[in-house]
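The values are calculated or read from the model by the stated rules, or taken from the named source; none is laboratory data. These figures come from a predicted structure and were not determined experimentally. Every residue, glycine as well, gets a Cβ built from its backbone with ideal geometry; the counts of neighbours run over all protein chains shown.
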Amino acid sequence: MAAQNNAPLPDGLEIAGYRIVKKIASGGFSIVYLAYDAEGNAVAIKEYLPSQLALRAPGELAPSVSKPNLAVFRIGLKCFFEEGRALARIVHPNVVRVVNFFRAHETVYMVMAYESGHTLQDHIARLHARGSRMSETSIRQLFKGVCAGVREVHANKLLHLDLKPANIYLRVDGSPLLLDFGAARQTINIDAPMLAPMYTPGFAAPELYSKVATLGPWTDIYSIGAAMYACMTRSMPPAVEARRQEDKTEAQFAKLAGSYSPELVEMVRSCMALDPLARPQSVFAMQKVLQAPPTLAPQHEDDDGEPARPGGWRGLVGRLGGIGRKA
Ligand SMILES: Nc1ncnc2c1ncn2[C@@H]1O[C@H](COP(=O)(O)OP(=O)(O)OP(=O)(O)O)[C@@H](O)[C@H]1O
Ligand SMILES: [Mg+2]
């Protein structure tokens, strides 16, 4: 993602009834602030500020947008607003809660309930540093929550399109929350070349790079599979182009077979199929697999590096049958 070089709003600024405490993150399209509302509740405010199109020097509030960039800036602004409105309708424990959005400083702000926690990306990095990996139980638990959130998004006729560990936030209690629907917003308008979304290689499905392929729930399903792969291998999944040259995921899946149940490995493999038709076609199909007890006792270590307790797995129930769409 492009870096954000713009100056953030100053700490302590009052804006539309909120008081900015500090900047908490910034990306190529936006800056996120911690703020308080009039009742003293913490909120996260996301400011639309595409760094390629808008400039803001320290001490200024409104960004300046050069004339040639203005039309594209405005299209993005409208999409940011519309996306915020669509998201505001979704009330689900695994989807970030949008509570308000407003215009100010010639741009747009999306107000979300503030959640304390950290990203799944940070979590994977910490586990990696400790030399441990996520257990089957933790992965199932986590991705049940992710799938519940994505299912709700799909039920609202939206696609996320940028699911990856950096956009999956873990609350302090470990429950996941989907963040950052920016890519969905940017694909709304394909006539805005300068706002073309920058998908994250490794997590982006092949059809996102195609002008003719149809996007659908299967596109997010590829990314969920890739995020599970990242949790299991603690490494970035290879980009689609690299996979087309030489697919190294097969060797990884073979290695993972010693640590995770065959159903889980098989589900991740099918989610990451380059052919959209070979993937599970709905999140519901994935939920069924995640909920069924694993068939075999995987010889894995849990999140703290402790060996898994034998006998913790039971049943011959979890079957993958039927999760792929019939061609
Ligand atoms: N509701 C929230 N509560 C707490 N922190 C949040 C919240 N929303 C976002 N953040 C923080 O801001 C970071 C960036 O958020 P997000 O992924 O939405 O934006 P981004 O990647 O910078 O977006 P863009 O790609 O549009 O520039 C998150 O990793 C998280 O640390
Ligand atoms: Mg993000």
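Some notes on this structure:
- Number of the exception - Leu161 against (1) assigned to a loop (DSSP other than H, G, I, E, B); (2) within 30 Å of Tyr36 (Cβ to Cβ): (2)
- Of all residues in segment 1-25, those satisfying the criterion of being within 16 Å of ligand 2 (Cβ to nearest atom) and under 17 Å from Ser116 (Cα atoms) are Lys23, Ile24, Ala25.
- Residue in segment 32-48 that is farthest from ligand 1 (Cβ to nearest atom), counting only those that are over 17 Å from Tyr169 (Cβ atoms) and either at pLDDT below 95 or in a strand (DSSP E or B) (or both): Tyr36
- Taking the criterion of being within 8 Å of ligand 1 (Cβ to nearest atom) and either exposed (fewer than 14 other Cβ atoms within 10 Å of the Cβ) or farther than 17 Å from His105 by Cα (or both), the residues of segment 1-31 that qualify are Met1, Gln4, Ile24, Ala25, Ser26, Gly27, Gly28.
- Whichever residue in segment 122-135 is at negative phi and either in contact (Cβ under 8 Å) with a residue 60 or more places away in the chain or among the hydroxyl-bearing types (Ser, Thr, Tyr) (or both) and, among such residues, is nearest to ligand 1 (Cβ to nearest atom): Ile124
- Residue count for segment 224-257 under the criterion of being within 25 Å of Gly145 (Cα to Cα) and either outside any helix (DSSP H, G or I) or not polar (S, T, N, Q) (or both): the result is 17.
- Of all the listed residues (Leu170, Leu159, Leu142), the sole one being in the same structural domain as Thr214 (by TED's automatic domain parsing) and out of contact with any strand residue (DSSP E or B) (no Cβ under 9 Å at 6 or more places or on another chain) is Leu159.
- In the set Ala42, Ala71, Ala54, Ala62, only one residue is away from ligand 2 (no atom under 16 Å from the Cβ) and either buried (at least 20 other Cβ atoms within 10 Å of the Cβ) or not assigned by TED's automatic domain parsing to the domain that holds Val99 (or both); that residue is Ala54.
- Put simply, of Arg103, Arg140, Arg97 the only residue that is more than 21 Å from Ser30 (Cα to Cα) and of a type outside the set (Phe, Trp, Tyr) is Arg140.
- Cβ-Cβ contacts under 6 Å between residues 6 or more apart (or on different chains), taken from a first residue in segment 245-262 that is closer than 18 Å to Asp303 by Cα to a second residue that is part of a loop (DSSP other than H, G, I, E, B) and of a type in the set (S, T, N, Q), are listed as Gly258/Gln299.
- Residue match in segment 108-116 (condition: in a strand (DSSP E or B) and more than 10 Å from ligand 1 (Cβ to nearest atom)): yes
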